[in-house]
Amino acid sequence: MKPQNDLLSATGTTIFTVMSALALEHGAINLGQGFPDYDGPEDVLKAAADALFDGRNQYPPLSGVPELRAAVAQHNQRFYGLTIDPKDEVLVTSGATEAITACLMAVLNPGDECVLIEPLYDTYLPVVKLLGAVPKLVRLTPPDWALPRAELAAAFGPKTKAILFNTPMNPTGKVFTAEELEFLAGLIARHDCYAICDEVYEHLTFDGARHIPLMTLPGMRQRCMRVGSAGKTFSLTGWKIGYITCDRTLSANVAKAHQNLTFTTPPNLQRGVAVGLLKDDAYFAAIGTSLQAKRDRLAKGLADLGFGVLPSRGSYFITTDFRPLGFNGDDVAFCRTLTTEAKVTAIPVTAFYASTDAPSHYARFAFCKGEAVLDEALARIGRWLAERGAR
Ligand code: PMP
Ligand code: GLN
């Protein structure tokens, strides 16, 4: 038989699926894959359920149902002061995953360079490569995940077509500052390129950290494709409803990418999300506040157990340095052992790097879980550590 697609043949199953399967096999508490163990708001669920029975279950419009596009535009105005035309500047997709792929497809030609920031979400690199584009990787510097400005500037050149980056950031919990975004905007303008802005955790920020869309900076309105996800904003990760906000000069190509990927997205879920995006400010403030308490609970518990806990100012995640525990092995070994012996699952952070010389002493924990679950996970790790110490 002839070989199948080389890139996909060389790509492993996503770490989130691998670790969730291992958690299930060993009866472990899954703090690996990032999904809440609670459902989103009842009015959103009810709107989607009701929408199944109102006779509108055939293909919805390619760019999304009008009420969701209007709600996305209104949300952009309310939170970021962006004036967006719901007809021509919003596109609904099947999750942020599809949205990111569609945005990359919209601008990249084979041979174009695309700047990516490590640690990076696991779908970015395979998609950039499948499009025949050339990834230019720049690494943040742990433990504070600082942006290495000189290296970032050096990654841009005459062939750069786009940058794809994520803030608030998975897995680091970094929230890009206004100064960092200004620096990025300068590079993007100077090199005449586009930005795909993965902002799925836009409302999940802590300690007063403010999420700033790059799209709001001077000169960036026409260069940015801003991606949101109902999965994160409404704790409904299984719904897979994403939304892209971009200038009308970009949206035609993004829509053509979407028409070739999925064409449309389930109409009842779209209508549920439309209700969600119109919820009052208190809802959006509360999701960050309640997650911050969960972060604090897990961060303190892990620190008390001896982990080095890195700061997280946004997202569902904290990264931890497990070296102080005296574990002899890399992050993959640590996360597997934690799953099989302690019965708690985390994600090895090397999964967010392209090459093998990545830092291999970090494990990522998701804290979007009930308090009792977080407490039980901590108790299990505590018992495991005590047993190891006694051995
Ligand atoms: N980007 C990042 C940074 C993520 O963590 C996720 C996780 N779900 C996604 C994109 C994908 O979002 P969706 O589930 O809406 O496809
Ligand atoms: N975004 C989630 C995470 O980072 C996982 C999504 C997935 O499983 N593909 O854990």
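Brief remarks follow.
- Average accessible surface for the chain: 41 Å² per residue, computed with a 1.4 Å probe over protein heavy atoms with every protein chain in place.
- Ranked packing of 108-114, 311-317, most packed first, by mean Cβ within 10 Å: 311-317, 108-114
- Karplus 3J(HN,Hα) series, Hz, for the stretch 67-83 with 6.51 cos²θ - 1.76 cosθ + 1.60 (x for Gly, Pro): 5, 6, 4, 5, 5, 5, 4, 5, 4, 4, 5, 5, 8, 10, x, 8, 8
- Fraction of C-alpha pairs exceeding 15 angstrom in the stretch 230-333: 75 percent, rounded to a whole number.
- Gaussian network model of the chain, springs between alpha carbon atoms under 10 Å - residue of Arg190, Arg295, Arg336 with greatest fluctuation: Arg190
- For the set Lys161/Lys300; Lys87/Lys232; Lys161/Lys232, the pairs lying more than 32 angstrom apart at their alpha carbons are Lys161/Lys300.
- Whole-number D in µm² s⁻¹ for the stretch 1-117, Kirkwood Cα-pair radius fed into Stokes-Einstein, 20 °C, 1.002 mPa s: 113
- Here the 3J(HN,Hα) profile of the stretch 307-318, calculated from phi with Karplus coefficients 6.51, -1.76 and 1.60 at θ = phi - 60°, is 5, x, 9, 7, x, 10, 10, x, 5, 9, 10, 10 Hz, Gly and Pro shown as x.
- Hull volume in cubic angstrom per residue (convex hull over the Cα atoms of the stretch 1-48): 166
- Expressed as a whole percent, the accessible surface of the chain that belongs to carbon and sulfur atoms is 54, based on a 1.4 Å probe.
- Coordinate range of the alpha-carbon atoms in the stretch 27-184 per principal axis, descending: 55, 43, 33 Å.
- Candidates per trypsin sites (Lys or Arg not before Pro) in the stretch 1-109, loop by DSSP, up to 10 other Cβ within 10 Å: none
- Start at zero, step by 20 Å, and the Cα-Cα distances of the chain spread as 28, 58, 14, 0 percent across the bins.
- Sum of -39500 (n - 2.57) over DSSP H runs of 4+, divided by residues of the chain (222 nm, nearest 500): -12500 deg cm²/dmol
- Averaging 1/r over every pair of different alpha carbons in the stretch 207-259 and inverting the result gives a Kirkwood radius of 12.8 Å.
- A dipole drawn for the stretch 205-264 from +1 and -1 charges on Cβ atoms has a positive end, and of Met220, Gly238, Asn253 the residue lying farthest that way is Asn253.
- The stretch 165-277 shape via C-alpha gyration tensor axes, a/c threshold 1.5: oblate
- Heavy-atom accessible area for Ile15, with the other protein chains in place and a 1.4 Å probe, reaches approximately 40 Å².
- Positive dipole terminus of the stretch 135-183, leading residue within Ala153, Pro135, Thr177 (C-beta point charges): Pro135
The values are calculated or read from the model by the stated rules, or taken from the named source; none is laboratory data. What you see is a predicted model, and the numbers here were worked out from it, not measured in a lab. As a convention, Cβ positions derive from the backbone with ideal geometry for all residues, glycine included, and neighbour counts pool all protein chains shown. The area values use the complete protein model at the heavy-atom level, side chains included, leaving out ligands, DNA and RNA. Shrake-Rupley method; radii C 1.70, N 1.55, O 1.52, S 1.80 Å.
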